[in-house]
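A quick write-up on the structure given underneath.
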Amino acid sequence: METIAFAIGVYRDIFKEYPPIVVTNDAEESLHSWRVLILPQIEANNFYDQYDFETAWNGERNIDLRDGTRRMDSDEPNELVNAGRVYLPDDSPRMQETVFVALVNGQLREKEVRLPSVTQTGHYLPPGEPFVVLEIKHSGIHWMEPRDVTPPMDRYPDWPSVDEVRDQIVGSVEIGDGDTRIFRDRTATLTYLESLTKME
């Protein structure tokens with residue numbers, strides 16, 4: 001959690017805003033996750049350089065990255081396969097399933113985002129909103145997949161809702177202005193989520 005919070009903070013320092021939660025194409029298809037976009041900040045540059053941003057995370061040109069089967073002669077053993085290890089529990093029986101998801105609370109704003117070799121549409125948190133990452137036991141979401149957790153929204157009907165994952169919550173981190181990071185255990189996270197519900 002600390003590594004992810006640090007990486008998001010570094011991304012914000014470089015680009016002057018948090019990473020987009022999800023990136024889409026002109027057809028509004030979800031292509032890339034924030035978890036892929038911050039890979040350089042967690043020193044997974046080799047994977048990032050191999051990822052094809054012109055196609056989807058599970059498109060033909062990324063499928064062997066998703067499945068962890070791509071190899072390169074210059075790799076350290078399993079370097080590409082292990083790129084997402086920061087998002088996975090050490091003892092997870094569910095290969096490649098992230099335990100870290102962003103909490104989207106409110107309508108995302110659209111803005112162009114420049115990626116290697118292509119410009120696409122980034123969907124960013126509203127201005128002033130902190131970037132909140134939940135740790136949950138079983139997300140059912142591949143770490144590369146552009147899906148996270150949200151209150152029910154028409155725009156992302158296949159995303160799990162907060163209510164669906166409430167029993168799975170382990171903790172959270174809130175990344176705010178400057179170097180502010182608030183780490184919460186399960187109880188404090190549930191209280192925080194309850195406060196968001198009351199504010200709506």
In the range 103-132, anything in contact with a Phe, Trp or Tyr (Cβ under 7 Å, 6 or more places away or on another chain) and farther than 18 Å from Leu39 by Cα is listed as Leu108, Arg109, Lys111, Leu125
Check whether at least one residue in the range 38-51 is surrounded by fewer than 15 Cβ atoms within 10 Å (Cβ to Cβ), at pLDDT below 90 and of a type in the set (A, V, I, L, M, F, W, C), and report yes or no.
no
In the set Thr119, Thr69, the lone residue that is over 18 Å from the mean Cα position of the chain (by Cα), open to solvent by 10 Å² or more (accessible area, probe 1.4 Å), modelled with pLDDT of 95 or more and not aliphatic (A, V, I, L, M) is Thr119
By residue number, the members of the range 10-40 that are in contact with a Ser or Thr (Cβ under 9 Å, 6 or more places away or on another chain) and in a helix (DSSP H, G or I) are Arg35
Flagged in the range 126-140 as among the small types (Gly, Ala, Ser) and more than 21 Å from Gly9 (Cα to Cα), in numbering order, are Ser139, Gly140
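The values are calculated or read from the model by the stated rules, or taken from the named source; none is laboratory data. As the structure is a prediction and not an experimental result, all values here were calculated from the model. As a convention, Cβ positions derive from the backbone with ideal geometry for all residues, glycine included, and neighbour counts pool all protein chains shown. When the accessible area is computed, the model is the full protein with side chains, heavy atoms only, and any ligands, DNA or RNA have been set aside. Shrake-Rupley method; radii C 1.70, N 1.55, O 1.52, S 1.80 Å.
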